[in-house]
Every structure is written in C-alpha cells, then in structure tokens.
Amino acid sequence: MLSPAPAKDRAGQGTIEPYFTYSLPVGYFDATGTSHPQHPRQQQFSNSTLWKYGLTDTLSIQAHTVVSYGWKKGAGHTGGPKFGDLPIDLIWRFVNGNPKRYIPTFNLFAGVVFPTGDYSNLSNAQDGVGNGTYVFRTALLSQSSYWLPGHHPLRLRTWGWWRRSLNSVDISGISSYSTQAGFHGRARPGMSGQAGFSLEYGVTQRWVLAVDVARDWANGAKVWGVNGNGQRVNRISAASGDWQVDPAVEYNFTSRIGMIAGASVYYAGHNTGVRIAPQFAVNTVF
C-alpha cells in the first residue's frame, strides 16, 4: 500500500490504481516524541490514483493525482474537493532480478512534483493542499522474491525517497505555511524523504497478506516576509518525523484486476500527528 512499484515489464503495458483513504488524527507527537490527545481533529477523505505506462521494456512513466476533502470542527472545511500537487516520475529498471541466484531487481525513480494545489491567498487554512514550489524527487527501489515452504511466494521491497524544493514561492495572507491574513513574503519547504520495506506473502493464488513499514522525515519550511502588523518574519519551522506501519489484505480477481484493503498507523515520531488512515485500492493492469 505504501511502497513504490517498479517499472512495467514491457512497453505498452499500463496500470491504473485508485486509492480511497479516510485520515483520522487521534493525537500528536511533541518534540520529544511524547503523544498527546488532539482536539479538534483535522479529518480528510482523499482519492489518490496512480497512473503508470511502460515507454520501453525497462523505462516507465507514472503520475499520481490526489483529490481530497478536509474538515475540522470549529475551523470549517475545504471549499469543495481540492486537487493537490502532481508528481510525475520516470522509472528505470537498470538491473533485472534473478530469483534463482537471489539477485534483486533494482529501479531508479526521478521526477518532479508540480505545484497544482492551492497554497496562498486561501479563504481558510483548510484549502491549503499544495506547496506552491517545484520539488525534485528521486528514489531507489529493490525488489526480490522467494519461495517459502508449501510453495508460498514471498516478495520483499526496500526503498528510499529523497525530495528537495527547486525554488521558493511568493505567499500572501492565509497559506499552507501557517501564515495569516495580511502576510506578504516568500516560503520554501525543507528537504524530506522516506525509507522503508514491504513484505507480501501469497497465502493462495488469490489471497495475499502484506505489510509495509516506513520512516518519514522532513526539515522545517522557511518563511520570510512581513505580517499584517508590519513586523518582519524570518522563521524555520521545526523538523518532523514519523514511523508508520501499513498492514493489508489483497484479493486478486484475475491476473489483471485485484483489490487491497488495510490501514496506515502512525505509531511513533516527533512534531507530527498520530493518525490512523483506513484505505482500499483497486489495481488494474492493461
């Protein structure tokens, strides 16, 4: 549910994979990693869809669209469904695996997140679903498969993401960077990344058990300018990080259509929320 997927096996092959997620905060981790209850809670329902197409037998392109709707007691809700920032990546499989010799498949990701989500001059903070900047991102993914006793397949993926903003952006008023009405200035998000591993165990030809474990980290965003009172602002928000586990169950109707259901559980971290996010997805291959 969380791990990136490798390049397609051949040119012309494609995948459409829509995810539906309900995010429910249950608290927050402070700077020392201690959890506290949180009221009111920022809730969100989102649809994120992965679109992937094989350009060649080893090179694929993918896009990831996200549409969300959020609400918070006493703080209003988004002005309808909001389209977030748009990542587009190239995926190159530069090593073909050999399970008999225990050689993993390796894939390199490189792409840009385009600033398509609202981030500045917002009616309220709920509408802030983007960063406003172009963000370069890259990842390395390894994938290997093994046969366990009883002729049950086990697939292992390990990966690491790294992201860095390519520019700063003008912001005014209420924004995604926690500025308020009357503010004028600029902002730039900090570097961020993720590392993790996933396991998928084939119980039968149709049923699969899966679990992902990942560590997220992010440096604080820099904001500078003048607020509504004419005071100079120059700050860097605190860095944050979290650990999450995503258990799931997958059912494959055919070799081309499957469904997966599970939940993301954020169980440790600092300066970030404690969240539970149940979700399900449908995977179609053509």
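Where a number appears in this text, it was derived from the coordinates with a stated rule and is not lab data. Keep in mind that this is a model prediction, so the values were computed, not measured. Positions of Cβ are generated from backbone atoms using ideal geometry, with glycine treated the same way; all protein chains shown enter the neighbour counts.
Here are the numbers:
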item: Ratio of the Cα radius of gyration of region 35-122 to 2.2 N^0.38 Å, where N counts its residues; result: 1.60
item: More than 27 Å apart - percent of Cα-Cα pairs taken over the chain; result: 44
item: Gain upon complete extension [N167, L55; 0.36 nm per residue less C-alpha separation]; result: 37.4 nm
item: Virtual spin-label span in nm between W224 and F94, 7 Å along Cα→Cβ; result: 3.6
item: Length gained when the stretch F286-A63 is fully extended (0.36 nm per residue, less Cα-Cα span); result: 78.7 nm
item: Sites excluded, trypsin sites (Lys or Arg not before Pro) in DSSP loops with at most 14 other C-beta within 10 Å, longest stretch of the chain; result: 74-205
item: Size-normalised alpha-carbon gyration radius of region 67-177, reference 2.2 N^0.38 Å; result: 1.54
item: Spatial separation of Cα centroids for region 121-173 and region 55-73, in angstrom; result: 10
item: Cross-link partners of K82 among lysines (Cα-Cα below 24 Å; sequence separation of 8 or more within a chain); result: K52, K72, K73
item: Between region 77-106 and region 218-286, the alpha-carbon center distance in angstrom; result: 16
item: Full-stretch length increase - A31, L86 - with 0.36 nm per residue and alpha-carbon distance subtracted; result: 16.8 nm
item: At R0 = 51 Å, FRET efficiency that the Cβ-Cβ distance of T204 and V233 yields, to 0.05; result: 0.30
